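To start, the structure under review is shown below, and the notes come after it.
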Amino acid sequence: MQQTYDASAVESKWQKRWEEAKVYEVDLKKAKDSYYSMVMFPYPSGDKLHVGHWYNFGPADSYARFMRMQGKEVFAPMGFDAFGLPAENYAIKTGIHPSKSIAENTRTMIAQLKHIGCMYDWSKTVNTSQPEYYRWTQWLFLQMFKNGLAYRKEANVNFCSCCQTVLANEQAQNGLCDRCSTEVIRKPMTQWFWKITDYAETLLQNLDDLDWPEKTKLMQRNWIGRSEGVEVEFQVDCSDEVITVFTTRVDTLYSGTFLVLAPEHSLVDALTDAQHEAEVRAYKLAAAKKTDIQRTDLAKEKTGAFTGAYAVNPLSGEKMPIWIADFVLAHYGFGAVFADAHDERDFAFAKKYGIPLKTNICPADGGDADAIRNLEVCYTEDGILYDSGEFDGMSSADARKAIAKWLEKRKKGRGVVQYRLRDWSISRQRYWGAPIPIVYDPEGNPHPIPEEHLPWLLPTDVEFKPTGTAPLAQSKELKERTEKLFGKGWKPEVDTMDTFVCSSFYQFMYLSTEGVGTKSEIGNRKSDFIDAKIEKKWMPVDMYIGGAEHACMHLIYARFVTMALKDFGFVNCEEPFKKLVHQGIITNQGAKMSKSKGNVVSPDAFVEKHGADVFRMYLMFMGTFTDGGDWSDTGIKGIDRFVQRIWKVLNKRVDQCSPQVRAKVHATVKKCTEDIPALRFNTAIAALMELLNDLEKQGGIAQEGAEIVARLLAPLAPHLAEELWESIGKKGFVIDQPWPEFDPALLETTSVTVAVQVNGKVRGQIEVAVDVAEAEVITQAQEEPNVARHLEGKQVRKAIYVKGRLVSLVV
RNA sequence: GUCGUGGUGGCGGAACUGGUAGACGCGCCAGCCUUAGGAGCUGGUGUCCGCAAGGACAUGAGGGUUCGACUCCCUCCCACGACACCA
């Protein structure tokens, strides 16, 4: 045995042995007690693995290792979310092809990941940018298309007229292009959408049964944004046109005095009269220049323009002027609202433009009825109706039902449910993504590319310089390929898919893959999308750990795609992730680590100095896993010492542990057994440290105890535990050993220390047997010298005994 | 603005369904060992008073419920995070 523990030598030794013995490879077909553990796969960027990765992957691996020692056959795959913007921007800057930079980054990242010592099954890795993978991204598109869930429509994109390119929201912050600072405009483009809204209700309902953080569920509920209301039809005055509006407050319809349409509303041009044409056109143009961020800036004053047209209020029969304003969003509801004095926004807008207002609701207790009636204040709450014909005196809630019924009877409206959730725009006018498997006939009609032509390869003869058209449009090869296969005049779709599509089904790809991403031959994977038996056995994912930033986008898309695949008959599960946990964020001096701030902490130096086990354990020991924390390197020493000391003491044998130490060993087993599955790694490690202190006082540990402690360490410090297991003379891998069990009998004590309080203050402690009667304990408590002093000359009015804890005396 | 989360020693953080606040670690202090130590070992360490025994005060601030509150309730302050005109 060496005197000191040489982390770096030990770690490479065991990493090599694990790999040679294929310890972490899982036979997906044969496995019986399956446990599927996933982390959110990383993007292979040129920067090295950072602290955030370690903070996600290390603890997640400790959890997976614990599950394995519980007897589960744990499948823990790792892959790469390799398509996306950074590689493309890097290519624009350097001329290096994304496939080349991504391949290189992936290679270095795999090497780095292996140093963490996680139990990844590298035989089943995925890389979304490989044809073997994106063939299935394209297949998924075809299924969506076939089942009517993929359609085309015009939608706005952020566009920079200087760079001649479409921008992602993150590239267009505060309305300026992040490359050239030109003002970003909204440009309409025809794009592919997936009908996620068909699943809005299921996405919402299923949340109740998921073992997910309540916070995340709440965010998804808000994102889906279900609201019940009424769709009301307004006849345009002197015209056949009808404007449909959605409202949750149909009880205020009587006071509705004007309509507001989104500038993009399809009827705007038809409604606008000659007199207002110039103003409306100017307003529409101005609105188009604004990004959503600017349009939805609450601080900015509301603006609008009058069209000159009027509609009729179906309830009151009054004429309502029709306005346009950019605070009304084209993509929510019907892109139109009716406005009244019971809404702050409408109220302010009407006052600004001198539009008449009316009220019809006051608080149930009368409240400030006059001020409301005189339009001095804006009352937005529910209340009692007045000036509302047959609905007078009704409560808002009753009126909503009654008015809905009234409208329905006259075919002027109906009760409906609206969602905030919008269909998923999956088109990207970019190069580095999965090509959309669609071709257009000479008339411009879209046709799906037959499955036998998949993967529909991403062409390579493309310049990356932005030209205003989608990069794939420049490819001669793609054009020729299309004409050769489909005929003269046929054109390929030139958009690629959103990278969120790639990551929406990777939970299935890990299960249906042998080495995708490690082999580079195209189309070597001829099997079905997934083997039904394997899917049934492994899905849904038992534990999914990743950042909270994906609470809405990725985690909703993956749920939607899983639901759709179930309805198409390819999978059995409806939900992809049974249990979800978000790790906290590691900040540096209180700020999120980012390249631009220059405060990124690299793990490399620490790992080199102390080893992966120490670094992993330190991250876990820093605080609560789900809370994250602020980085500081001062405490890592403590974990380093812990590793050295535990190495020493576990290699020092005593014939027999004292009863106290034996009890402590078993108490530590209990604590770790409870804390690790609950992801409370910090307290599990603290318990092991307490035990270590006792062991050192004893001067060593008995063989039996050493075998227990080595196994307790296996999830937390995998390399150290293997080395210990070997050095105490055990065969095989410690990770293949069953998790130790504790003997509850050893944890029972015969006597306990009980605190004695007098008027709520601790005045002394007494030792009592566990099963002693209450009266006896109270008598003993009063006899304790210091307690007696405080009781002197006073009458005990009340005495409370909390078993095994304390006695509370009131005088 | 709305919603959410959280404020505990010099620092990171513990604390079961209300039951001895400060586990564990860092740092600091003293001692041992050493040619030396940014190594190791032993002990101490919330603040204040006291030689000590002991006592007073302490979980962002203020109030309340209780024999007893970091924990429950009310008001306020601060920090962080998410969403952002949703009709």
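The values are calculated or read from the model by the stated rules, or taken from the named source; none is laboratory data. Predicted, not measured: the structure shown is a model, and the values here were computed from it. Reconstructed Cβ throughout: ideal geometry from the backbone, glycine too, with neighbour counts over all protein chains shown. Ligands, DNA and RNA are stripped out before the accessible areas are found, and what is left, the full protein with its side chains, is counted by its heavy atoms. Shrake-Rupley method; radii C 1.70, N 1.55, O 1.52, S 1.80 Å.
General remarks:
- Note on the stretch A:27-51: among residues that are in contact with a Lys or Arg (Cβ under 8 Å, 6 or more places away or on another chain) and aliphatic (A, V, I, L, M), the one that is farthest from residue A:97 (Cα to Cα) is A:31.
- Unique residue being touching a His at 6+ places or on another chain (Cβ under 9 Å), of a type in the set (Asp, Glu) and farther than 30 Å from residue A:196 by Cβ when the list is A:251, A:237: A:251
- Criterion: open to solvent by 40 Å² or more (accessible area, probe 1.4 Å) and touching a strand residue (DSSP E or B) at 6+ places or on another chain (Cβ under 9 Å) - qualifying residue of A:698, A:660, A:703: A:703
- Residue match in the stretch A:215-234 (condition: polar (S, T, N, Q), more than 9 Å from RNA strand B (Cβ to nearest atom), touching a residue at least 12 places away in the same chain (Cβ under 8 Å) and closer than 19 Å to residue A:574 by Cα): yes
- Exactly one residue among A:786, A:759 is at positive phi and surrounded by fewer than 14 Cβ atoms within 10 Å (Cβ to Cβ), and that residue is A:759.
- Helices (runs of 4 or more DSSP H) wholly inside the stretch A:77-156 containing at least 2 residues that are touching a residue at least 12 places away in the same chain (Cβ under 8 Å), closer than 18 Å to residue A:501 by Cα and of a type outside the set (D, E, K, R): A:85-94, A:131-146
- Among the residues of the stretch A:313-333, those that are open to solvent by 40 Å² or more (accessible area, probe 1.4 Å) and within 25 Å of residue A:385 (Cα to Cα) comprise A:317, A:318, A:319.
- Failed criterion for residue A:16 (all others in (1) at pLDDT below 95; (2) surrounded by fewer than 20 Cβ atoms within 10 Å (Cβ to Cβ); (3) not acidic (Asp, Glu) hold): (1)
- Residue A:22 meets the stated requirement of being at positive phi and of a type outside the set (Gly, Ala, Ser).
- Of all positions in the stretch A:20-34, none carries a residue that is surrounded by 14 or more Cβ atoms within 10 Å (Cβ to Cβ) and in a helix (DSSP H, G or I).
- For the stretch A:208-240, taking the residues that are in a helix (DSSP H, G or I) and among the acidic types (Asp, Glu), the one that is least open to solvent (accessible area, probe 1.4 Å) is identified as A:208.
- Test for residue A:616: is it within 28 Å of residue A:703 (Cα to Cα) and open to solvent by 60 Å² or more (accessible area, probe 1.4 Å): no
- Search result, residues across the stretch A:443-474 that are closer than 22 Å to residue A:100 by Cβ and at pLDDT 95 or above: A:456, A:457, A:458, A:459
- Here residue A:690 meets each of (1) within 16 Å of RNA strand B (Cβ to nearest atom); (2) part of a loop (DSSP other than H, G, I, E, B); (3) open to solvent by 10 Å² or more (accessible area, probe 1.4 Å) with one exception, condition (2).
- Number of the condition not met by residue A:771 [criteria: (1) open to solvent by 50 Å² or more (accessible area, probe 1.4 Å); (2) modelled with pLDDT of 85 or more; (3) more than 9 Å from RNA strand B (Cβ to nearest atom); (4) out of contact with any helix residue (DSSP H, G or I) (no Cβ under 8 Å at 6 or more places or on another chain)]: (2)
- With respect to being β-branched (Val, Ile, Thr) and assigned to a strand (DSSP E or B), residue A:756 fits the description.
- Residue within the stretch A:42-59 that is assigned to a loop (DSSP other than H, G, I, E, B) and of a type in the set (D, E, K, R) present: yes
- Annotation note: of A:444, A:468, A:415, the sole residue that is touching a residue at least 60 places away in the same chain (Cβ under 8 Å), in a loop (DSSP other than H, G, I, E, B) and open to solvent by less than 50 Å² (accessible area, probe 1.4 Å) is A:468.
- Verdict on residue A:293 being at pLDDT 95 or above and either within 13 Å of RNA strand B (Cβ to nearest atom) or of a type in the set (Val, Ile, Thr) (or both): no
- Filtering the stretch A:620-657 to residues that are open to solvent by 60 Å² or more (accessible area, probe 1.4 Å) and assigned to a helix (DSSP H, G or I) leaves A:621, A:637, A:641, A:645, A:648.
- For the stretch A:735-753, a tally of residues being aliphatic (A, V, I, L, M) and assigned to a loop (DSSP other than H, G, I, E, B) returns 0.
- Failed condition for residue A:544, given (1) assigned to a helix (DSSP H, G or I); (2) more than 30 Å from residue A:9 (Cα to Cα); (3) more than 13 Å from RNA strand B (Cβ to nearest atom): (1)
- Any hit, the stretch A:345-366, residues being assigned to a loop (DSSP other than H, G, I, E, B), surrounded by 14 or more Cβ atoms within 10 Å (Cβ to Cβ) and free of Cβ contacts under 8 Å to residues at least 24 places away in the same chain: yes
- Residue A:675 satisfies every condition listed in (1) within 11 Å of RNA strand B (Cβ to nearest atom); (2) open to solvent by less than 10 Å² (accessible area, probe 1.4 Å); (3) closer than 19 Å to residue A:644 by Cβ except (3).
- Picking from residues in the stretch A:241-273 that are of a type in the set (Asp, Glu) and either within 17 Å of residue A:325 (Cα to Cα) or within 13 Å of RNA strand B (Cβ to nearest atom) (or both), the one that is most open to solvent (accessible area, probe 1.4 Å) is A:269.
- For the stretch A:310-331, the candidate set comprises residues that are in a loop (DSSP other than H, G, I, E, B) and out of contact with any Lys or Arg (no Cβ under 7 Å at 6 or more places or on another chain); within that set, the residue that is farthest from RNA strand B (Cβ to nearest atom) is A:317.
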